[in-house]
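For reference, the structure is listed below as structure tokens.
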Amino acid sequence: MATVNIGRLKFKWQGNYSSGTAYVVDDVVYHGGNSYVCINDSTGNAPTNTSYWQKMAQGSDLGSLSGIAQGDVVYYNGTDWTRLAAGTSGQFLKTNGSGGNPVWDDVDLGTAAALDVGTGANNVVQLDSSGNLPAINGAALTGIDAGGIELLGSYTVSSSASSHDIITGLDLSTYHRVTIAATGVQGDTAGADVYMGLLNAVGSFAAFYYNQDGIMNTTFSQSNSLGFRANGGGMVAGSPLYFGEWDLFGLRNGEQTHCISKCLYYNSSNLYSYYHGGGSNNNTYAVTGFRASVQTGNITAGKFYIMGHKNS
């Protein structure tokens, strides 16, 4: 009976290619990161010779790279695969485009002198030499929860004066309430009360304050705006142990302005706490800022924080 040779019924894996081995059809070898199948019997013909071999699977020869370690990056340099050793902590991987190789590089944020520093549009805000933010219009800040509280600004007393404009140029049209907190306020006259005046569109200052009984007192009248008192009758001259707070409502044009103020101070022997309440008829102008002053003498030290409560 005649015998018919139908050849191999499956591929035969022969491992890494060797030039001294005789290969027959359907032998499969590994070479240069790829696998090749023999299509004609061959000895000494490299798998890249298409007369004897056909590429079976495309791969890469990454296994031949030496020194590979955790954090390394493998890339193609235009000729072969190579490794880029891990950079130092904090560096980033920088591309040099289609014609260059990647490198590790340091983040360069520039210097303050090179940045557009300021308090206007598109500026970078820089802390001052004391680590404080500069005076900015808090109403211009964005990205803040409309139902929350935001810091409109702060003011540090740096010179002795009877009054200090702690913030100006405000647009309070979207605020239903402003809270002003004073800490470490110091005066040069014992027993002086502290006032918070409301600057309006034409810059005029406080006309009235209200005592703890809610009775209008006009002895502090200045122009036609509004101001509110926080008692300081027991303050000691030169002592920074006075703390006050004013909660102000109705600061827009045509609204009725009301204030609840409170203070805490120590007069060398006793601790005092006072609460005050007061109000007014309709404002003539929308409030644009606040001025702190004392009944007599000067404010010589202290810090004020101005916080706005956004409309919900």
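Report whether or not Leu141 is modelled with pLDDT under 80 and not assigned by TED's automatic domain parsing to the domain that holds Thr257.
yes
Would you confirm whether any residue within the range 21-30 is farther than 25 Å from Thr79 by Cβ, crowded, with 18+ Cβ neighbours inside 10 Å and not hydrophobic (A, V, I, L, M, F, W, C)?
Within the range 21-30, one or more residues are farther than 25 Å from Thr79 by Cβ, crowded, with 18+ Cβ neighbours inside 10 Å and not hydrophobic (A, V, I, L, M, F, W, C).
Report yes if Asn5 is loosely packed, with under 10 Cβ neighbours inside 10 Å, modelled with pLDDT under 95 and out of contact with any Ser or Thr (no Cβ under 7 Å at 6 or more places or on another chain), otherwise no.
So Asn5 fits the description; yes.
Given (1) under 28 Å from Thr257 (Cβ atoms); (2) small (Gly, Ala, Ser); (3) crowded, with 16+ Cβ neighbours inside 10 Å; (4) modelled with pLDDT of 80 or more, where does Ala181 come up short, assuming only one miss?
Single failed check for Ala181: (3).
Quick check on the range 31-82: of everything there that is farther than 29 Å from Lys12 by Cβ, assigned to a strand (DSSP E or B) and out of contact with any helix residue (DSSP H, G or I) (no Cβ under 9 Å at 6 or more places or on another chain), which residue is modelled with the highest pLDDT?
Ranking the candidates gives Val73 first.
From the list Ser204, Ser159, pick out the single residue that is over 14 Å from Leu251 (Cα atoms), polar (S, T, N, Q) and at pLDDT 85 or above.
Ser159
Among the residues that make up the range 181-189, is at least one of them under 28 Å from the mean Cα position of the chain (by Cα) and farther than 19 Å from Gln295 by Cα?
no
The values are calculated or read from the model by the stated rules, or taken from the named source; none is laboratory data. Here the structure is a predicted model, which means the values were calculated and not measured. Glycine also receives a Cβ, built like all others from the backbone with ideal geometry; neighbour counts cover every protein chain displayed.
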